[in-house]
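The next block holds one structure in the form of structure tokens; read it before the comments.
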Amino acid sequence: MRRTEIAKVLAQPVLNESVTVMGWVRAFRGNRFIALNDGSTPHTLQIVLDAEKMEESILKKIKFHACLSVTGQLVASQGAGQAVEVLAENVEILGECNPEDGYMMQPKAQTMEFLRTNAHFRMRTSTFSSVFRLRHAVAFAVNKFYNDRGFFYMHTPIITGSDAEGAGEMFHVTTLDVNNPPRTEEGGVDFGQDFFGKATNLTVSGQLQGEIAALALGKIYTFGPTFRAENSNTPRHLAEFWMIEPEVAFNDIYDNMDLAEEFTKYLINYCLENHLADLELLDKRLAEEQNALPKDKRRAMGLIEQLRFVVDNAFERITYTEAVEILMKSKPYKEKKFEFPVEWGIDLQSEHERYLVEKEFKKPVIVRNYPKEIKAFYMRLNDDDKTVAAMDVLFPGIGEVIGGSQREDRHDVLLERVKAVGIPEEELWWYLQLRQFGGAPHAGFGLGFERMVQFITGMSNIRDVIPFPRTPGNAEF
RNA sequence: GCCUCAGUAGCUCAGCCGGUUAGAGCGGCGGACUGUUAAUCCGUAGGUCGUAGGUUCGAGCCCUACCUGAGGCGCCA
């Protein structure tokens with residue numbers, strides 16, 4: 001089928017020539033004007049009909065979200081809302097769309113909750129089509145950023161036999177009959193008879209395999225789906241989400257922080273430079289959403305304003321110890337407004353992180369050197385013997401977008417940590433050998449892809465930046 | 001997993017102190033309309049109030065349980 005994409009018609013209009021466009025009706029006004037959108041752009045193309053020349057049966061079928069093919073002259077518009085329009089000579093109905101038959105979408109603002117239950121149609125709305133064009137843009141920018149800097153894209157396994165990744169509850173993968181599994185002599189399930197000859201899970205992180213690659217190729221990144229069987233019910237968590245995990249040989253914690261800051265700024269900049277129209281639309285949407293809130297609950301900045309602010313300012317970098325000191329001097333601490341205690345050794349709660357990011361510094365903050373007790377076994381022990389070279393990048397509104405560290409590269413120290421936290425050594429034989437044979441200092445981090453898309457699009461619920469969200473109790477579509 | 005709030009027409013919501021035939025806007029349907037911008041105007045049809053019990057002369061409204069959704073917290077990315 002020959003058609004011209006609406007994005008092209010609008011970007012490079014060839015006036016007074018015939019053009020064929022195909023798309024979905026966003027509005028039909030005055031029995032005369034159709035706003036047509038084909039997904040290639042947030043904008044619509046205006047189609048002008050001559051009702052007297054139209055067949056009644058076709059006119060009746062021009063409904064909200066019906067799919068049309070329209071051929072006609074592209075001309076300068078007489079109306080004020082658009083530069084060009086198509087004078088329809090032929091209109092073909094490609095797909096009817098009858099509310100009478102139960103079509104539930106309407107040309108008006110609908111709640112995110114309602115649209116979520118109709119995820120098969122929500123991408124036809126201006127908000128979601130912009131969100132998903134931006135999701136693509138961020139994904140593309142991820143690959144471009146690393147490719148341009150000599151990183152290699154590494155595909156780590158989705159099914160894993162290791163349960164020592166240490167990032168949370170896992171989904172089991174099995175082909176055994178769950179109603180009647182083979183049993184061991186002790187009465188447990190005999191995973192020796194399972195597909196892989198052992199118990200397997202969906203991955204919670206590609207980091208450990210990423211380290212294998214980094215200690216051979218130097219600079220690598222992973223970008224793929226990860227799974228957490230945590231019963232997390234928040235607007236920031238998904239059971240299935242995508243994660244980007246760069247891992248770099250010869251990087252220390254400071255190089256790691258530099259990379260994290262440069263990377264996140266690049267992603268935001270890429271969207272500002274290449275998808276401003278989508279961002280403007282979402283900026284407007286967010287402003288309307290914020291206007292409905294009481295004044296003290298509103299965001300300090302508009303969407304685009306905040307994106308530019310993050311790009312234009314250096315991230316604040318502090319140690320965990322400094323963070324605790326700042327919190328203990330803070331007004332909410334002195335007035336006992338914090339729900340959770342603040343003292344050296346405890347993990348920072350989201351109320352604490354939010355204070356640092358939104359009140360104290362008013363910009364992204366990187367906190368490093370956390371107590372070893374509250375961080376993973378693979379993080380490099382600092383010389384103080386109390387803290388590890390971990391770092392969290394905290395963003396306004398969504399909190400932690402990045403968690404990373406310099407990895408423990410000393411075989412003896414790692415072995416001691418593995419034993420201390422009680423992970424069976426044999427689970428990690430290959431991970432330990434990486435240190436034993438040609439090990440190197442290295443560092444990396446994990447960026448939650450959806451959290452980044454959430455920040456860039458201003459959507460308040462993470463379920464609205466992934467096409468088909470997987471959350472506890474929901475795997476529809 | 002814990003806490004809070006909500007569930008009334010296709011959608012978004014109103015419904016007083018428990019009291020006759022449960023309301024509105026949008027959407028739908030019928031009609032008008034050749035320069036509209038989520039068009040406008042006239043007319044019209046839709047609901048038994050999340051589910052199951054209970055209290056009461058009487059329940060959309062009160063009570064109990066459950067289901068679903070959202071927000072907060074925890075876990076984290």
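Would you confirm whether or not region A:22-39 contains a residue that is charged (D, E, K, R) and touching a Ser or Thr at 6+ places or on another chain (Cβ under 6 Å)? Yes, there is a match, as at least one residue in region A:22-39 is charged (D, E, K, R) and touching a Ser or Thr at 6+ places or on another chain (Cβ under 6 Å). Identification of helices (runs of 4 or more DSSP H) wholly contained in region A:281-383 with 1 or more residues that are acidic (D, E) yields A:303-312, A:320-328, A:350-354. Of the set (1) among the β-branched types (V, I, T); (2) touching a Cys at 6+ places or on another chain (Cβ under 8 Å); (3) modelled with pLDDT under 95, all apply to A:I456 but (3). Scanning region A:118-154 for residues that are in contact (Cβ under 8 Å) with a residue 60 or more places away in the chain, within 12 Å of RNA strand B (Cβ to nearest atom) and either farther than 26 Å from A:M243 by Cβ or of a type outside the set (A, V, I, L, M) (or both) turns up A:S126, A:T127.
Which one of these is in contact (Cβ under 8 Å) with a residue 60 or more places away in the chain and within 23 Å of A:N251 (Cα to Cα): A:R417, A:R368? After applying the criteria, what remains is A:R368. Taken over region A:433-477, the criterion of being assigned to a helix (DSSP H, G or I), over 20 Å from A:R116 (Cβ atoms) and within 14 Å of RNA strand B (Cβ to nearest atom) is satisfied by A:M452 alone.
Residue-by-condition table, conditions (1) under 25 Å from A:F468 (Cα atoms); (2) β-branched (V, I, T); (3) surrounded by 15 or more Cβ atoms within 10 Å (Cβ to Cβ):
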site	(1), (2), (3)
A:D177	no, no, no
A:F191	no, no, yes
A:S205	yes, no, yes
A:L208	no, no, yes
A:I212	no, yes, yes
A:A216	no, no, no
A:P235	yes, no, no
A:V248	no, yes, yes
A:N251	no, no, yes
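Are any residues in region A:399-414 in contact (Cβ under 8 Å) with a residue 60 or more places away in the chain and open to solvent by less than 10 Å² (accessible area, probe 1.4 Å), and if so, which ones? Reasoning before the result, please.
Our first condition is that a residue be in contact (Cβ under 8 Å) with a residue 60 or more places away in the chain; within region A:399-414, this holds for A:399, A:401-402, A:404-407.
Across region A:399-414, the qualifying residues are A:V401, A:I402, A:G404, A:S405, A:R407.
Can you tell me which residue is nearest to A:V388 (Cα to Cα) among those in region A:348-370 that are open to solvent by 10 Å² or more (accessible area, probe 1.4 Å) and more than 13 Å from RNA strand B (Cβ to nearest atom)? If you could, list the steps in order and put the result at the bottom.
Step one: list which residues in region A:348-370 are open to solvent by 10 Å² or more (accessible area, probe 1.4 Å), which gives A:348-351, A:353-355, A:358-363, A:368-369.
Keeping just the survivors that are more than 13 Å from RNA strand B (Cβ to nearest atom) gives A:359-363, A:368-369.
On the way: A:K359: 26, A:E360: 24, A:F361: 24, A:K362: 26, A:K363: 24, A:R368: 8, A:N369: 5 Å.
Looking at the filtered set, the residue picked out is A:N369.
For region A:297-336, filtered to residues that are under 16 Å from A:N369 (Cα atoms) and of a type in the set (S, T, Y), the residue that is most open to solvent (accessible area, probe 1.4 Å) is A:T321.
Based on what the data block shows, is A:E56 without any contact (Cβ under 8 Å) to a residue 12 or more places away in the chain, outside the structural domain of A:T457 (by TED's automatic domain parsing) and over 34 Å from the mean Cα position of the chain (by Cα)? If you could, list the steps in order and put the result at the bottom.
On the way: without any contact (Cβ under 8 Å) to a residue 12 or more places away in the chain: yes; outside the structural domain of A:T457 (by TED's automatic domain parsing): yes; over 34 Å from the mean Cα position of the chain (by Cα): yes.
So A:E56 passes the test.
Condition check: in the same structural domain as A:D258 (by TED's automatic domain parsing), more than 30 Å from A:H275 (Cα to Cα), touching a residue at least 24 places away in the same chain (Cβ under 8 Å) and of a type outside the set (K, R). Does A:P396 satisfy that? Considered against the rule, which asks whether it is in the same structural domain as A:D258 (by TED's automatic domain parsing), more than 30 Å from A:H275 (Cα to Cα), touching a residue at least 24 places away in the same chain (Cβ under 8 Å) and of a type outside the set (K, R), A:P396 comes out as no.
In region A:74-115, of all residues being within 11 Å of RNA strand B (Cβ to nearest atom) and in contact with an Asp or Glu (Cβ under 7 Å, 6 or more places away or on another chain), the one that is farthest from A:T44 (Cα to Cα) corresponds to A:M112. Of all the numbered requirements in (1) within 12 Å of RNA strand B (Cβ to nearest atom); (2) over 30 Å from A:A137 (Cβ atoms); (3) open to solvent by 20 Å² or more (accessible area, probe 1.4 Å), A:L49 misses one, and that requirement is (3). Test A:F223 against the stated conditions and say whether it is crowded, with 16+ Cβ neighbours inside 10 Å, under 26 Å from the mean Cα position of the chain (by Cα), touching a residue at least 60 places away in the same chain (Cβ under 8 Å) and within 16 Å of RNA strand B (Cβ to nearest atom). For A:F223, the condition - crowded, with 16+ Cβ neighbours inside 10 Å, under 26 Å from the mean Cα position of the chain (by Cα), touching a residue at least 60 places away in the same chain (Cβ under 8 Å) and within 16 Å of RNA strand B (Cβ to nearest atom) - is met. Quick check, is A:G345 in contact (Cβ under 8 Å) with a residue 12 or more places away in the chain and within 15 Å of RNA strand B (Cβ to nearest atom)? Yes.
The values are calculated or read from the model by the stated rules, or taken from the named source; none is laboratory data. All values reported here derive from a predicted model rather than from experimental measurement. Because the Cβ atoms are built from the backbone with ideal geometry, glycine has one as well, and the counts that use them run over all protein chains shown. Protein only, heavy atoms only, side chains kept; ligands, DNA and RNA dropped before computing areas. Shrake-Rupley method; radii C 1.70, N 1.55, O 1.52, S 1.80 Å.
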